[in-house]
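K.L.:
Submitted below is the structure of interest, expressed as structure tokens.
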Amino acid sequence: MSGRSILNAIAVGCWLFASVVAFMIVAYTSFFGVGVIGLVIWFVSTRVDLEQDGAVGAGASPGFLAQQVRTQAEMSRAERAARRGQRLLEAQSARFFKYLGMVLTVGGFAGFWFFQL
């Protein structure tokens, strides 16, 4: 068994666990749970969108950030094009999940409000 198949099995197991947790939240809280899950997806996708350029935060030292800038400046044209394509794909994915989170949030809380009337 290769390392890749082990990692794939772990990833599938984690997705299964996350799906069960999401199902339990929705089963116990109905539309309110859908709204909360939408908020979580919206939050995570926004964080991913904000942190596209690498490490940020209190733990990043000025030397580390300078090394990142130096490395990006020394890239060849092909490496820059590949990185630009990767960033475009990341931005499209983050945008999709951000909109999905918005729709789930609005739909969940609107449904919760509707059934409270």
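K.L.:
Would you mind finding the one in ARG87, ARG70 that is out of contact with any helix residue (DSSP H, G or I) (no Cβ under 9 Å at 6 or more places or on another chain), more than 30 Å from PHE112 (Cα to Cα) and in contact (Cβ under 8 Å) with a residue 12 or more places away in the chain? First the steps, then the outcome.
P.N.:
Details: ARG70 fails: in contact (Cβ under 8 Å) with a residue 12 or more places away in the chain.
Being out of contact with any helix residue (DSSP H, G or I) (no Cβ under 9 Å at 6 or more places or on another chain), more than 30 Å from PHE112 (Cα to Cα) and in contact (Cβ under 8 Å) with a residue 12 or more places away in the chain holds for just one of ARG87, ARG70, which is ARG87.
K.L.:
Applying the selection to segment 94-117, what residues are more than 23 Å from the chain's Cα centre (by Cα), among the hydrophobic types (A, V, I, L, M, F, W, C) and surrounded by 12 or more Cβ atoms within 10 Å (Cβ to Cβ)? Write out each step before concluding.
P.N.:
Our first condition is that a residue be more than 23 Å from the chain's Cα centre (by Cα); within segment 94-117, this holds for 110-117.
Next, from what is left, pick out any that are among the hydrophobic types (A, V, I, L, M, F, W, C): 110, 112-115, 117.
Matches in segment 94-117: ALA110, PHE112, TRP113.
K.L.:
Now a separate question. Quick one: would you say VAL48 is in contact with a Ser or Thr (Cβ under 9 Å, 6 or more places away or on another chain), surrounded by 11 or more Cβ atoms within 10 Å (Cβ to Cβ) and part of a helix (DSSP H, G or I)?
P.N.:
Numbers: in contact with a Ser or Thr (Cβ under 9 Å, 6 or more places away or on another chain): yes; surrounded by 11 or more Cβ atoms within 10 Å (Cβ to Cβ): yes; part of a helix (DSSP H, G or I): yes.
Here the answer is yes, as VAL48 does meet what is asked.
K.L.:
Considering only residues that are hydroxyl-bearing (Ser, Thr, Tyr) and in contact (Cβ under 8 Å) with a residue 12 or more places away in the chain, which ones fall in segment 1-44?
P.N.:
Initially, segment 1-44 is screened for residues hydroxyl-bearing (Ser, Thr, Tyr), giving 2, 5, 19, 28-30.
If the condition is that a residue be hydroxyl-bearing (Ser, Thr, Tyr) and in contact (Cβ under 8 Å) with a residue 12 or more places away in the chain, then SER30 is the only one that fits.
K.L.:
So, one more: Please state which one of ALA60, ALA91, ALA55 is touching an Asp or Glu at 6+ places or on another chain (Cβ under 8 Å), among the small types (Gly, Ala, Ser) and either at pLDDT below 90 or exposed (fewer than 11 other Cβ atoms within 10 Å of the Cβ) (or both). Working first, answer last.
P.N.:
Values: ALA60 fails: touching an Asp or Glu at 6+ places or on another chain (Cβ under 8 Å); ALA55 fails: touching an Asp or Glu at 6+ places or on another chain (Cβ under 8 Å).
Of the residues listed, the single one that is touching an Asp or Glu at 6+ places or on another chain (Cβ under 8 Å), among the small types (Gly, Ala, Ser) and either at pLDDT below 90 or exposed (fewer than 11 other Cβ atoms within 10 Å of the Cβ) (or both) is ALA91.
The values are calculated or read from the model by the stated rules, or taken from the named source; none is laboratory data. Quick caveat: nothing in here was measured; it's all calculated off a predicted structure. When we count neighbours, we look across all protein chains shown, and the Cβ atoms used for this are built from the backbone with ideal geometry, even at glycine.
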